[in-house]
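The values are calculated or read from the model by the stated rules, or taken from the named source; none is laboratory data. Because the structure is predicted, anything quoted here is derived from the model rather than measured. Cβ coordinates were reconstructed from backbone atoms using ideal geometry, including for glycine residues, and neighbour counts include every protein chain displayed.
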């Protein structure tokens, strides 16, 4: 790769091209640490023009490119690929324009999610999507993964909160998709690029929508002896015409783990806990809060509490937000699933997950974005024990197959990356998968962008199907450790 | 009322693909005026109808694309829900498929978001006659490329819509419309000021020297919102319907109707003619006095784009020109979904 590295150094400066193994090793994985590969070349451009220069060089030399933001992704979307350049967008970290009157911000892809809300707070505005990694994750990565967060039901996912994106194509061409009005003539390409996992183009600028901060926020926490009763409350709240800002559910195992970790005062004897955050104008919030409390009471809540003030709200949220690390203390390893299901199937799905937990002899805690049906079962295991990793992955795949069987999807917000290529074969037929590959070719005919990710080949699906038939004995090249 | 015509439609498209016969996709024809003039054999889609699944608690409705929009809205209203983007019908028999293909939204667009934001899944028939499913019936789904939303506003050039799943929402418990006598410039300033506050504004319209603002929420929230002043409008529902459906007197009469989409705080356009503004100022309807006025240049200068929305004598391009590199991507996608170029060829752009 000598001549490639020389050309890249000429394009972005010698200091911004890394080839030494000890420097490149820092970029060997993203948040899915089970999969690692030390990149041969890491390039860190400083602006969109340099990204364009890098892409032109790689296109001419037919060298694949993997884009990476902050590396917090959970599905291996920015896992380096052998023979590919790793394009790190972290240096493109400027807020280019903050326009409170137009209620938007134009930012470079390396800007962190939280820093946008911080920058516009003084104007009474905020950027709504709040993935749990918001302190570190970058907006470019959020767009690439179409990230969610706990406030999706009311405020939508990333797609609903971006107006325009600017990309550099595999051939080094510059395209503007959408506009500050959130629409543009021609096909809805902003939507197509959002969540495309670095397969269709490199995001070099994003215009995000800023919303006025709500006047009032209330948090009510209810606990139940029966998980089915809790699930029904979710439907009852929505049937009452209320769309909470956040509606999060935890099962008994998750409640205990979270409370032990965060000391947040959850009722640990309960079988299910519901956190319901309501925001909006003062009058609407008061009215809706009363309604939610009476719904919870009628459903037989064994515990019901409204956070007294902002600090108590934070404390009550802290258990939910710490649920993953809390479960992490109960077992040496855990494997986080991300399926989405129609909400009405929740009691049945939880029951079947509990059956799978018994079948595979692995404990599972459930954390659930109840409002929008996004389930995060956390499968606990010990990768140090010979068979547990295989069982955990097999159990995870069975859960995702269950999500598809009840009319859901294998990934609600974490993306496919390298992790869910197998389960994608369950969700889509060969016609849809072929169409995905064709869409990719429309943007990237030489398959240079993030090769091998996001969409499985038909050959891989044939293997996956065949392996599933033969008792689920999937071979694993790597030993995941989460 | 309920009919699955997938088999017949598939056979028709496959035959057309084999013979390279251009097809003209026809719902009720309510929006036939929109886009470039079309040739081809009609492919009637109105008989593919029926709500397939609707559970109010899930906030998701799935229906066949020929289902009348009025029927869907009535089903939703029975359960206190609605399509938050207020799609215009432009005719009594407007269909779900036409709503998605045209991607047009009504007065609530500025607060609720565009049609695209509410589409969760589609079943389509490609130009090769293949039935494919994308997206799903759940709120959050990032598996595979978002082909679902690519269909919104594609004017049927990428596929025949067979079935669509939509996110729906509860209707607000009450609404109130206040009006103010203001110049266009004053109205633009006022609308943009409100948009920066938590005031529950769900519609704005300036026409004939008067600004109309619609607020929605609980009775208590509406009582609070009255602090912004103005006069209360009676028969407000009829007013907003007339703006949405273009039955307001502004839309009567001769001349070409242009739709300009511009940054919301853009100054009033200095074009002799009539103007109606919506969406905090981001959507402006203009009927220029000069018959052959070209508003593309005006909107580009403001950072937006223009659409020749309705024209008594359709001619030339309807939608703003795309840069060459972007147009190439459009052609590649067209080839991907419609390899024989038979679906609504040329309705969006020539040869697309």
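The combined condition, being over 30 Å from residue A:440 (Cα atoms), in contact (Cβ under 8 Å) with a residue 60 or more places away in the chain, facing another protein chain (nearest Cβ under 10 Å) and surrounded by fewer than 19 Cβ atoms within 10 Å (Cβ to Cβ), is not fulfilled by residue B:196. Listed by position, the helices (runs of 4 or more DSSP H) inside the stretch A:126-244 whose residues that are farther than 30 Å from residue A:299 by Cα and not assigned by TED's automatic domain parsing to the domain that holds residue A:265 number at least 2 are A:139-145, A:189-193. Restricting attention to the stretch A:188-221, the residues being facing another protein chain (nearest Cβ under 7 Å) and touching a helix residue (DSSP H, G or I) at 6+ places or on another chain (Cβ under 6 Å) number 5. In the set (1) assigned to a helix (DSSP H, G or I); (2) at pLDDT 95 or above, the condition left unmet by residue A:422 is number (2). Of all residues in the stretch A:85-128, those being closer than 20 Å to residue A:203 by Cβ and out of contact with any strand residue (DSSP E or B) (no Cβ under 9 Å at 6 or more places or on another chain) number 2. Among the residues making up the stretch A:307-324, a single one is within 17 Å of the chain's Cα centre (by Cα) and in a loop (DSSP other than H, G, I, E, B): A:322. Report yes if some residue within the stretch A:325-332 is in a helix (DSSP H, G or I), surrounded by 19 or more Cβ atoms within 10 Å (Cβ to Cβ) and touching a residue at least 40 places away in the same chain (Cβ under 8 Å); otherwise report no. Yes, because at least one residue in the stretch A:325-332 is in a helix (DSSP H, G or I), surrounded by 19 or more Cβ atoms within 10 Å (Cβ to Cβ) and touching a residue at least 40 places away in the same chain (Cβ under 8 Å). If you filter the stretch B:328-352 down to residues that are free of Cβ contacts under 8 Å to residues at least 24 places away in the same chain and surrounded by fewer than 18 Cβ atoms within 10 Å (Cβ to Cβ), you find that the one that is farthest from residue B:294 (Cα to Cα) is B:335. Hey, among the residues in the stretch A:356-396 that are farther than 30 Å from residue A:244 by Cβ and within 21 Å of the chain's Cα centre (by Cα), which one's surrounded by the fewest Cβ atoms within 10 Å (Cβ to Cβ)? Result: A:393.
The rows are residues; the columns are (1) touching a residue at least 24 places away in the same chain (Cβ under 8 Å); (2) at the interface with chain A (Cβ under 8 Å from one of its Cβ atoms).
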| residue | (1), (2) |
| --- | --- |
| B:143 | no, yes |
| B:147 | yes, yes |
| B:150 | yes, yes |
| B:160 | yes, no |
| B:164 | yes, no |
| B:169 | yes, yes |
| B:178 | yes, no |
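All conditions but one from (1) assigned by TED's automatic domain parsing to the domain that holds residue B:97; (2) surrounded by 24 or more Cβ atoms within 10 Å (Cβ to Cβ); (3) in contact with a strand residue (DSSP E or B) (Cβ under 7 Å, 6 or more places away or on another chain) apply to residue B:205; the one that does not is (1). Of all residues in the stretch B:308-320, those that are out of contact with any helix residue (DSSP H, G or I) (no Cβ under 6 Å at 6 or more places or on another chain) and facing chain A (nearest Cβ under 8 Å) total 1. Exactly one residue among B:45, B:23, B:9, B:61 is buried (at least 21 other Cβ atoms within 10 Å of the Cβ), in contact (Cβ under 8 Å) with a residue 12 or more places away in the chain and within 22 Å of residue B:84 (Cβ to Cβ), and that residue is B:61.
Taken together, the residues in the stretch A:386-419 that are in a loop (DSSP other than H, G, I, E, B) and in contact with a strand residue (DSSP E or B) (Cβ under 7 Å, 6 or more places away or on another chain) amount to 3.
Residues checked against (1) touching a residue at least 40 places away in the same chain (Cβ under 8 Å); (2) assigned to a strand (DSSP E or B); (3) over 20 Å from residue B:140 (Cα atoms):
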residue	(1), (2), (3)
A:257	yes, no, yes
A:261	yes, no, yes
A:277	yes, yes, no
A:292	yes, no, yes
A:305	yes, yes, yes
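Only residues that are away from every other protein chain (no Cβ under 14 Å) and not in a helix (DSSP H, G or I) were counted across the stretch B:43-99, and they come to 26. Scanning the stretch A:405-427 for residues being at the interface with chain B (Cβ under 7 Å from one of its Cβ atoms) and crowded, with 24+ Cβ neighbours inside 10 Å gives a total of 10.
Among the conditions (1) more than 7 Å from every other protein chain (Cβ to nearest Cβ); (2) over 14 Å from the mean Cα position of the chain (by Cα); (3) touching a residue at least 40 places away in the same chain (Cβ under 8 Å), the only one that residue B:138 does not satisfy is (1). For the stretch B:232-251, the criterion of being in contact with a strand residue (DSSP E or B) (Cβ under 8 Å, 6 or more places away or on another chain), within 14 Å of chain A (Cβ to nearest Cβ), assigned to a loop (DSSP other than H, G, I, E, B) and on the phi < 0 side of the Ramachandran plot is met by no residue.
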